[in-house]
1. Can you find, among VAL166, THR281, LEU15, the residue sitting farthest towards the positive end of the charge dipole of the chain, where Lys and Arg contribute +1 and Asp and Glu -1 at Cβ?
2. How about LYS195: which lysines have a C-alpha closer than 19 Å to its C-alpha, ignoring those fewer than 8 places off in the same chain?
3. Can you work out the accessible area per residue across region 16-72, with the rest of the protein chains kept in place, probe 1.4 Å, in square angstrom?
4. Accessible area per residue, 1.4 Å probe, Å², for region 254-322: what's the number?
5. Evaluate the distance, in nm, between pseudo-label points positioned 7 Å from the Cα of ALA283 and of PHE340 along their respective Cα→Cβ axes.
6. Give the residue from ILE151, PRO398, THR101 lying farthest towards the positive end of the charge dipole for the chain; charges sit on Cβ (+1 for Lys and Arg, -1 for Asp and Glu) and the dipole is referred to the Cα centre.
7. For the chain, what does the helix formula give at 222 nm: sum of -39500 (n - 2.57) over DSSP H segments with n ≥ 4, over the residue count, nearest 500 deg cm²/dmol?
8. Quick check: residue separation of ASP189 and GLN214 times 0.36 nm, minus the Cα distance between them. What number comes out in nm?
Amino acid sequence: MQIESTKKINSISDLPKITSLVLPKEFELLPKTSEVFELEFAFYEYKFLTKDEIIRKGAFFKSVDEIPTYHYIICSNNSSLIWEGRSEITKSYFKEGNFSTGYATHGLFPYRGKFHPQLIKGILNILGVQPGDVVLDPMCGSGTLNVEASIIGIDSIGIEKSPFCVLMSKVKYEALKTDSATLSLIIGDMDKNYKALINSKKLLAEFSYHNGFQPEKAITLLAFLDAMGYARRCSKSIDVLFPSVLKRYVGQINSFIQARDKLNLKISNASFEIGDARNLTLADNSIDAIITSPPYSFAIDYAENDRPQLEYLGYNISDLKDEMIGLKGRTRKEKLANYFDDMNKVLAEMHRVLKISKYAVVIIGSNDIQTGGIRLETKVEDMALKHGFVLDQKIVKPIKGIQNKMKDEYILFLRKV
Ligand SMILES: C[S@@+](CC[C@H](N)C(=O)[O-])C[C@H]1O[C@@H](n2cnc3c(N)ncnc32)[C@H](O)[C@@H]1O
């Protein structure tokens, strides 16, 4: 295995591709893997995993020795239902993110501020997490870590303050385990279920996961809540949007379960809980890895964003806001003081529940225009060190789309010592 770095460069025609300097040629990267952080992750996977492991769980490779990776197969299997009724612009937007964000069940609800799923798989790989280990996200949002961990055979726990997020995470996870008969039932009962959901909230209990999880009901409920939020943002009515959202959900789930069965993947366990990251109900030294992304101070009001869904489900937004990190306080100064006070408690809890010498990975960016120049990642880093973590690595990842507000986020690898 020869990497081209030793070749002499005499002319432009000898210039090597940057990837050929870091990877042998039998390792083919996924299409459009070009950002520096992606190449860093690909290189770490190449260093830490065997060829067979890269094929089974690598996140940045298309093939090794011309054998396609599972990630490539999962991302490439797209059912036609996903594209039904979608404009060319929407199609190309989603196809762009095919290998990084738009696969498995990640696309079921467009949760703002969610993890980049491919990156999470890469982090799990370089942390060396193994089957039998338990990973935790104490602010799990839409359950991205849990979905990724389950696909590669790792057990996980997701904790979240927002009950709507817990529902969403649970649906995204349970949908990984569903079957084609359930998907047919969802389409067959679409009209009947829509009438029930639009007319009577009393039926909600039947659709929610609290009374034992019924995948067909819970997936339909999430699609209904998605269409409801979408209808408020655009000029179309929920009657029109609901069938297309539900069919897209079924298409996405179907694409994944086909790949799952072809690859004989066993989806591992994930449990979810409505809880508080500042006060975890988990034993000391019980967790093998934490990967989490806290609110970036008050950059996003998560309760307000999900107001229609939370209200439909019967939750009181102002009670929720009192418990949510980043949302308390009137002035900027007060909000920031509350935020750092809360984050200090979260870091103390993360340190307590993590096993010694294991990693807590925190992904955080700074909305420094809103914070008046205060950098969240440096404050979090300082607090983490005081709680007994050491910072082993810090990777910078650019944030696309909101460059005027926030340019980068930081991936902090904190080890408990
Ligand atoms: C950046 S988002 C996490 C997104 C998540 N990584 C994903 O992939 O969907 C931060 C989350 O922290 C949650 N949160 C806020 N305060 C919390 C608290 N006290 N305990 C647990 N979760 C909280 C918010 O509801 C929000 O979903």
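1. So the residue furthest toward the plus end is LEU15.
2. Here the lysines satisfying the reach criterion relative to LYS195 are LYS217, LYS236, LYS247.
3. 51
4. Here the residues of region 254-322 average 44 Å² of exposed surface.
5. With each label point 7 Å from Cα toward Cβ, the separation is 3.6 nm.
6. Ranked along the dipole, the leading option is PRO398.
7. Numbers: 19 runs with 195 residues, N = 417.
Using -39500 (n - 2.57) per qualifying helix, the result is -14000 deg cm²/dmol.
8. 7.6 nm
The values are calculated or read from the model by the stated rules, or taken from the named source; none is laboratory data. Predicted model, so just to flag it, every value in this text is computed and none were measured. Every residue, glycine among them, receives a Cβ derived from its backbone with ideal geometry; neighbour counts consider all protein chains shown. We work out accessible area using only protein heavy atoms, side chains counted, and drop any ligands, DNA or RNA first. Shrake-Rupley method; radii C 1.70, N 1.55, O 1.52, S 1.80 Å.
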